[in-house]
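The structure appears below as structure tokens.
Just so it is clear, none of the values below were taken in a lab; they were calculated from the coordinates. Predicted model only: the values in this text are computed from it and were never measured. Cβ: placed from backbone, ideal geometry, glycine included. Neighbour counts: every protein chain shown.
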Amino acid sequence: MNKRSNLPVRPTWCWRRWIVSGQEDLWIERLQSHADINWVMTEKPGCVRILLEAYARKPAAVTALAHTFGGKVRRVQAAEWVGTQTAAPTRIGTHLEIIHAPTRTRQPTTHRLCIPHGVAFGSGDHATTHMLLGALFKHGDWSHTSVLDLGTGSGVLALAARLLGAHKIVATDFDPEAVRTARQNETLNFSTPLIRWQCADVKKLRSPARHDLVLANLFSGILGEAAPQIAGSVAMGGQLWLSGILRTQEQEVTAAYRAQKLTLTRALHRGKWVMLQWQKKLKSRRAIST
Ligand SMILES: C[S@@+](CC[C@H](N)C(=O)[O-])C[C@H]1O[C@@H](n2cnc3c(N)ncnc32)[C@H](O)[C@@H]1O
């Protein structure tokens, strides 16, 4: 059985229907405009159809899908969802191991985070998160890097940045349950709190503080809509790393951030997903003095 998903956030309602194999991209694009759902596709060997399920916290989000695309809606028990998650650790090369249940054993050579499955997005194994984690571990000096993690989910990226030595980290999500979970995950992994967790919608971001490194693993639609706010949170000379973008939406997102006067430094592709790394130029001396 082959599963692909953007992993549900605290799912309580599920919409499901069978789709024709080969039409996955079309369905991913259709579902991307529904910001309040998370989906999973399940392929079974020898089966020409794929089971598509979308999860949401409110029934209205999934009944709207059933109204538009047919299919069935049902309520999901929390225990049922947790039971579908894999317990295998997630590895980012040889740098980081993310385990999903607390344990006493420790590999001294590997950084380790414990992120239990089942409540907020961000176990680390999704390609969009994996690419960002890989880039974090390649990032050089952390001693003076302030980090902003937008759409933190389980807090996985903020926690990895803390593990690496970032001294000032702010992490936000518009889902209060995700913020609560992320804060708990910090307690699970570190003896003292350091990260500032905030419940906030990225589209309403009015942060006066600017950050050296801004991370945003969000749907392309939100990245596009909130481009001025997201780009505005990057310090002069700082970097912005965007993930959660489908290849088919790469151009659209690229145009939105070029319009914010950011320079694209790297595009990383994995399967259908793209991560874009941007730099905000330092102001020239002349521009500062005028
Ligand atoms: C794809 S998950 C990323 C989680 C984690 N950062 C990672 O990389 O695995 C996106 C997260 O963004 C949050 N989110 C979606 N739209 C948002 C918005 N408009 N403002 C703030 N957070 C948002 C969701 O609640 C979810 O936790």
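For the reader, a short list of remarks on this structure follows.
- Efficiency of FRET from Cβ geometry, Ala66 and Arg91, R₀ 45 Å, rounded to 0.05: 0.75
- By the compact-protein rule of thumb, 2.2 N^0.38 Å, the alpha-carbon radius of gyration of segment 219-290 corresponds to a ratio of 1.16.
- Bridgeable lysines around Lys272 (alpha carbons under 16 Å apart, same-chain partners fewer than 8 residues away excluded): Lys3.
- In this label model, Gln251 and Arg74 are separated by 4.1 nm, measuring between points 7 Å along each Cα→Cβ vector.
- When the pairs Lys168/Lys203; Lys203/Lys280; Lys72/Lys203 are compared against a 27 Å limit on Cα-Cα distance, Lys72/Lys203 fall above it.
- Here segment 222-253 and segment 185-210 have alpha carbon centers that stand 19 Å from each other.
- Applying 1/(1 + (r/R0)^6) with r as the Cβ-Cβ distance of Trp18 and Thr187 and R0 = 51 angstrom yields a FRET efficiency of 0.75.
- Three semi-axes describe the equivalent ellipsoid of segment 121-289; taken as square roots of 5 times the Cα gyration tensor eigenvalues and ordered largest first, they are 23, 19, 15 Å.
- Modelled spin-label separation between Leu194 and Gln260, with each label point placed 7 Å from Cα along the Cα-to-Cβ direction: 2.6 nm.
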